[in-house]
Amino acid sequence: MEGFEEWKKQAEQWSSQALQQWKKQAEPLWSQAHEYIQQVPPTQIYAALAILLVTSVLLLLGRLLKRQKANTILLSGLSGSGKTILFYQLRDGSAHQGTVTSMEPNEGTFVLNSEKSKNGKLKPVHLVDVPGHSRLRPKLDEFLPQAAGIVFVVDALEFLPNLRAVSEYLYDLLTKASVVKKKIPILILCNKTDKVTAHSKEFIRKQLEKEIDKLRASRSAISTADIANDFTLGVLGEPFSFTQCQNKVTVAEAAGIIGEVAEVERFIRDHVKS
């Protein structure tokens, strides 16, 4: 015990000596800092404090916004692929066959129709049907910052005649900076599969991969939609596959006209949690 007490006293003496030495070294520095502050005009000090305060507030807001989970799902694809019918089936279970191609995004925030009878708290989905006309596709960029997922609708009935156009649109989407950086998941939804002559999702997937592989070679993996950002699509030297994408890409089937939308509903709830 005596040895311990003696060690304790020595430790306290060392700590005290170190503190005193630190104070002696710090006093000149503090004095210099104080003199410098007195020489600085008050307006500059106030400006520096204001900048510090604004920066702190912006950083805090940025963190809060990141914590908020996005609830926006985008429906994209060529005109005539059935996006609008899917929108109404998901919203109220009706095909709304009388609707026409819109020149503006069709959007709404609602609980999915299939979930309305369920008990408990359900998170509403912000669903946006983006016009498919080539001149109107840039409207998609307005919604990408809030997107939790993208449903890329493909007409499985008229797939082959539109293969090139579908592949180009999908290629541009997969190489967009905002999609790649945020790793926004994409569901390639093969619509109209209720028709006898519709192509299967496996056939559509393989054909899209082959066509995108050709586009990758001709465009050098730079998207015409976001040419300032050089993103390599797939693995160089290997045939393109959706499994190589930085964001998750899946393929599913639907028949919007008769209400078969279970797979797209599952995709929505996987990325917009209740």
Original post:
Within the range 140-150, can one find any residue that is in contact with a strand residue (DSSP E or B) (Cβ under 7 Å, 6 or more places away or on another chain), open to solvent by less than 10 Å² (accessible area, probe 1.4 Å) and under 18 Å from residue 200 (Cα atoms)?
Top reply: no
Subject >> Output for the range 246-274, where each listed residue is open to solvent by 20 Å² or more (accessible area, probe 1.4 Å), within 19 Å of residue 184 (Cβ to Cβ), in a loop (DSSP other than H, G, I, E, B) and not polar (S, T, N, Q) >> reply: 248, 273
Original post:
Residues in the range 220-236: is at least one assigned by the TED database to the domain that holds residue 266 and either at pLDDT 95 or above or aromatic (Phe, Trp, Tyr) (or both)?
Top reply: yes
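The values are calculated or read from the model by the stated rules, or taken from the named source; none is laboratory data. As the structure is a computational prediction, the values presented were derived from the model and not from experiment. As a convention, Cβ positions derive from the backbone with ideal geometry for all residues, glycine included, and neighbour counts pool all protein chains shown. Quick note on the areas: whole protein, heavy atoms, side chains included, nothing else; ligands and nucleic acids left out. Shrake-Rupley method; radii C 1.70, N 1.55, O 1.52, S 1.80 Å.
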